[in-house]
Amino acid sequence: LDRARGERAAAVSATANAAGRMQALATGMLADLRAMEERHADEDVLADLLHLDHRTAQAGRLADSVAVLTGARSGRRWARPIGMESILRGAMGRIAGYQRVRVHSASDAAVAGHAAEGVMHALAELLDNAANFSPPTAEVHVYVEAVPAGAIVSVEDSGLVMGDVQLRRAQQAVAGETAGLGGLTGTRLGLAVVGRLSAKYGLKVSFRPSARGGTGVLMLIPQDILSGPGASGGPAAPPVAAPAERPR
């Protein structure tokens, strides 16, 4: 039994190390692609580069997810708070179905630099889940509301309605109550990542039926990792933006 535990710990450590290398590789590739985007004015070339940029951002998110689940250091950190709109756009830029996401946000709040990457990653997983379980042409709507406890981000889709068992499992996953990594596949993998990030940053995630016919998810970002307007001049290096939103 001790030997099995040791081998498991070694495997997790090796996986965490590999995830760190993948993160560094993805970050370097994104930097190279953005330098190329600045150099090329041809629309066809630029479109291809933006496509590669988006695919690389998705690969980077996967590496970040592995890092989160194995306890390795995940993602980047900024010295200044990141505005809520940049957080949402950054999350969109890490999912395949970003073109179907509609953001409705007038919030001028910002997330503290040390927590911005984690919040962005958690939102990306929730957006990806909503897009994957909606019809291919259906839109996913995102709203932000300021409340005394912080800010609530709601994600509404018109996809499948969760049954009681599915809802209970999803709630356990985002609450960090999933035991171990065994059996985590597909959607459960993403929700387990949300659970780990929620525990780290004090996020509160809950599910409910959506008025659009599918499932709605609410994420409360606590006040202690939020900053008001004017607290920051913006990040030194902006988060990954959805390709459709990137300046040309």
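The values are calculated or read from the model by the stated rules, or taken from the named source; none is laboratory data. This is a predicted model, so every value here is computed, not measured. Positions of Cβ are backbone-derived with ideal geometry, glycine not excepted, and every protein chain shown enters the neighbour counts.
Quick look at the numbers
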{"read-out": "Some residue of the range 84-96 being charged (D, E, K, R) and touching a helix residue (DSSP H, G or I) at 6+ places or on another chain (Cβ under 6 Å)", "value": "yes"}
{"read-out": "Filter result (surrounded by 17 or more Cβ atoms within 10 Å (Cβ to Cβ), closer than 18 Å to residue 226 by Cβ and acidic (Asp, Glu)) within the range 117-171", "value": "117"}
{"read-out": "Members of the range 63-111 found to be surrounded by fewer than 19 Cβ atoms within 10 Å (Cβ to Cβ) and in contact with a Ser or Thr (Cβ under 7 Å, 6 or more places away or on another chain), listed by number", "value": "80, 85"}
{"read-out": "Identity of the residue in the range 192-226, of a type in the set (Lys, Arg) and in contact with a strand residue (DSSP E or B) (Cβ under 9 Å, 6 or more places away or on another chain), that ends up nearest to residue 117 (Cα to Cα)", "value": "204"}
{"read-out": "Candidates 199, 192, 244 - the one that is of a type in the set (A, V, I, L, M, F, W, C) and at pLDDT below 85", "value": "244"}
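The rows are residues; the columns are (1) touching a residue at least 60 places away in the same chain (Cβ under 8 Å); (2) of a type in the set (D, E, K, R); (3) closer than 18 Å to residue 143 by Cβ; (4) touching a Pro at 6+ places or on another chain (Cβ under 8 Å).
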| site | (1), (2), (3), (4) |
| --- | --- |
| 57 | yes, no, no, no |
| 65 | yes, no, no, no |
| 72 | no, no, no, no |
| 105 | no, no, yes, no |
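Residue-by-condition table, conditions (1) over 24 Å from residue 127 (Cα atoms); (2) of a type in the set (A, V, I, L, M); (3) assigned to a helix (DSSP H, G or I):
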| residue | (1), (2), (3) |
| --- | --- |
| 14 | yes, yes, yes |
| 17 | yes, no, yes |
| 27 | no, no, yes |
| 33 | yes, yes, yes |
| 36 | yes, yes, yes |
| 52 | no, yes, yes |
| 56 | no, no, yes |
